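The block underneath contains the structure these notes are about, expressed in structure tokens.
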């Protein structure tokens, strides 16, 4: 019996059957052509050595339930970001539960933004020389992966250099850098290693780039040894040992809109103990959201400087920052940072009493004042945050103009502004951010005393008494530190740094492109601006008189030699940013995306500080939240114990936020978001406060999209609608449809409903599960009693491209069902614009659309009885009104309110009647038309048909488009507003850049700072140039360049698919040496007027060591 018990215990935990491994080969970067050979070799090793092999490129395999079946996972020449954050967490748990990992060659060129993976695989790729023979030194011959190898192993492969090597791995093989060219790790250059890691086993070999590797017996036995080590004893996984928590499902987080609308440029908020929320507005109002009443009201006002009288200057000053005293429940103190009105150019930090829903202005205690320059733009900062022991942080912007100074031959061009010529002070940030004796461009750290005075705590950047240095400074070298937060446990300071606008590098001339930054200060420091940006990228010193550029500054020894500097010349060493990202994709932080940018710092979240029933899951414990005002994302940042960044992952990526300008955590453990809304310097209707709730139990249905077949029509109007909705718990659903004030219920996600009365109706559906948990759809407005006119734009000839010098014959037709067409209400425009700016270029067209809609809307009301366009009637002429309010910045809010509410006394004694049922949006359309009457330069419409001839000068970029846009507004009908129909036809430039190529197979995408090319394959490859009408196209022109070696390729052009209708064949023949090549390939005519996918297939016909690349394809 004892022997039997021992046998049972010994076998307990071992898997039944053969070990099984998963070979994962997804590539998000370079695709190795040897992957198929590697898969075949591993399958053969499995058959010969009694383990099973599954293969996949599908990252969905990385879920806990799927991974459990595998003894080891092999990353075979993976590249780039191949797993999402859910899959990453489940893979961490798999390893911690006892799973095995094998990394082959490019596995170190994978997941740069996931620090845990870097430690697992053992390091990251850091470049390589060309393939060549080298000598490998086997330093451990006791391991199964190396015991069969010679002490010195000479072989040919692609030899990686490494960065961030894990010092805890056990090295098996090193490379002798003296035996080949291009090594960069020195004498200790590892090439294969293994280690036990967090409960699992990990093996990595750098070898395995070439097809030949997977036929080499020595290499295959080396790889087999690594696989067998990773499999280990083939035990069942024990998830009780897993330390990483699973990522909570995104649909458990929901946006609860506390209030929306009613805000006018909100800036910062503070959550009161009773969950009322104070909000500052830039124009001076202090607003209070009542948690009990769900209402918003003004509870205070400061007279602030918020508007410049200077021409073309948008001031950013005003009421900027707000925070509560740590002991607010006892003393009712709030702290405000603002720009007081008057002649004195200062920003002021003051303490006030806020009690009984009222700001007591008489209680003001001025704490600190910052001298500024007014009537210039930009950068105010203004964020406030308390740390322990009554220590207050205040961010202050640099108060420096980042734009090019008018009428100057050598402007800043969005690089570091350092123009110290007399009279140009506002363009020299060395007077502010780089000045140790100035509080601008800084984050200040002061200790608030009970009487409202302040002291200087230990640990600031300059000790008290330092000549030419302000002791309040904690961080210097800031441009616009707009939102800050303090980690309440570590005391670390975080802030978002809004960066400059330069889109491209000018290395060696002016300096780096612009970056936004998210920064962390564990102690006081200089963060470099205006001398450095991002990862201490240095700007060149620039002579604004001669346009000559000097050397860049040394980040270890920066100097401020500006004549405007009143502080120290020798500055503290510059600190690199914590996170930095440009407009384009960031090679360092690609997960942050592209586009406009305004970085913000949110809280560091600790679950133990909050009630269990409302706090977020422990997964977010200790994570730092950062967000971006423009891009709209929130990211959760995992840090190492010392505060170093380890991983950035998305938080609620599928939720939309309306320009987040502040983020706070309430005492309930929920994150609250203040939304500025979409539009600068406006009373945005989408500005509001959002609370992010976590649902631990039953979740409401996920409502994706309400679609309505037809949104307008004559009476009787048949409304046909459907909605997409899914219940996470698979509960049965009920649909409550709201059509104006009418409701109807269905058990199916569709509705057919007849509207018999004319009018405008808002339609939405509330979807409810059997536990009464519900969610609402988007709202769609329908118009019964008037059918939207139909507009069509057509051109003769090719429907995809325009060509410089070739006329475009266009025609616009309008159909207005049941009404005559009045071409006076048709507006047509044509613009040549950069493709990515298409929405912005339509702005002028949208203004004219609003103008016509406003005019016709006015004609349906009683306005025409009292007003005429040119003549005075009972009321003033519309032109007189337009001229009176032509320059008024408040007209777009004042006049709509006047139309709705009515009034008298402005133009005479006759009262203007109220229009209480008129929607504010409709009143704004009328005001748009009225104000347009004062615009002498408003654009005129093109004729309904005509000819337009593009010129070569119109083609500013390769992705320039020619946009013909037409809008027609009808006259409305009884009880129904006018409706507009719009149509656009877009013709693009015929040059297709490599960055636009799709479905790329076997080509390698080379991205050099956003400029992309595709490297031709070593065998055969293809890509889709796009989907185009080929009417009139007779040829394509391929433009490329070589990298030194001769190479020959046959090029075939196909329609619809890579082996579809062959249109043409040509040859690319590159000579030795660096060469640009342009080749024209004739095409068969395909003039059916339909768009076709156009594929380019390249076949190598002559071998070369380094392969050439294709930059553009032009259709002729």
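Tabulated data for the structure shown
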{"item": "Point-to-point label distance, residue 614-residue 630, nm (Cα→Cβ direction, 7 Å offset)", "result": "3.5 nm"}
{"item": "Computed lengthening from residue 887 to residue 947, 0.36 nm per intervening residue step minus Cα-Cα distance", "result": "17.9 nm"}
{"item": "Correct option for Rg and Dmax of the Cα atoms in Å [calculated from the coordinates] among (i) 33.4, 113; (ii) 38.5, 132; (iii) 33.5, 105", "result": "(i)"}
{"item": "For segment 702-784, alpha-carbon Rg over 2.2 N^0.38 Å", "result": "1.09"}
{"item": "Gain in span if fully extended, residue 668 to residue 215, counting 0.36 nm per residue against the direct Cα distance", "result": "156.9 nm"}
{"item": "Pairwise centroid distance, computed over Cα atoms, of segment 270-318 with segment 787-817, Å", "result": "48 Å"}
{"item": "Bridge type composition, segment 18-241 - antiparallel percent by DSSP, nearest 5", "result": "50 percent"}
{"item": "For segment 205-244 versus segment 631-645, the gap between their alpha-carbon centres in whole angstrom", "result": "32 Å"}
{"item": "Counting DSSP beta bridges with both ends in segment 702-784, the antiparallel % (nearest 5)", "result": "95 percent"}
{"item": "Relative contact order (%) - segment 8-155, alpha-carbon pairs under 8 angstrom, separation at least six", "result": "20 percent"}
{"item": "Helix 920-932 vs. the chain, principal-axis angle (Cα, 0 to 90°, nearest 10)", "result": "70 degrees"}
{"item": "Where labels lie 7 Å past Cα in the beta-carbon direction, separation of residue 594 and residue 730 in nm", "result": "4.1 nm"}
{"item": "Exposure proxy order (Cβ contacts within 10 Å, fewest to most) of 941, 383", "result": "941, 383"}
{"item": "Sorted by Cβ density within 10 Å, fewest first, the residues 454, 968", "result": "454, 968"}
{"item": "Cα shape, segment 667-730, gyration tensor, a/c 1.5 rule", "result": "oblate"}
{"item": "Using alpha-carbon coordinates, inclination of helix 217-231 to the longest axis of the chain, degrees", "result": "60 degrees"}
{"item": "Relative contact order [Cα under 8 Å, 6+ residues apart], segment 702-784, whole percent", "result": "36 percent"}
{"item": "Cα centroid of segment 157-187 to Cα centroid of segment 391-435, whole Å", "result": "46 Å"}
{"item": "Beta bridges by DSSP in the chain, antiparallel share as percent, to the nearest 5", "result": "90 percent"}
{"item": "For the chain: relative contact order, % (alpha-carbon pairs under 8 angstrom, 6 or more apart)", "result": "6 percent"}
{"item": "Cα→Cβ-extended label distance, 7 Å offset, between residue 504 and residue 464, nm", "result": "5.3 nm"}
{"item": "With Cα atoms, 0 to 90° folded angle of helix 891-901 axis to the chain main axis", "result": "60 degrees"}
{"item": "Protection proxy ranking of 768-777, 168-177 - average other beta-carbon atoms within 10 Å, highest first", "result": "168-177, 768-777"}
{"item": "Packing-based ranking, highest mean first, of 305-314, 1017-1026, 102-111 given that Cβ atoms within 10 Å are counted", "result": "102-111, 1017-1026, 305-314"}
{"item": "10 °C / 1.306 mPa s Stokes-Einstein diffusion coefficient of segment 18-241, Kirkwood radius on C-alpha pairs, µm²/s", "result": "92 µm²/s"}
{"item": "Net length gained if the chain between residue 1067 and residue 756 were fully extended (0.36 nm per residue, minus Cα distance)", "result": "105.2 nm"}
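Each reported figure results from applying straightforward, stated rules to the coordinates on display, with no laboratory input. Model, not experiment: these values are computed from the prediction. For neighbour counting, all protein chains shown are included, and Cβ atoms are generated from backbone atoms with ideal geometry for every residue, glycine included.
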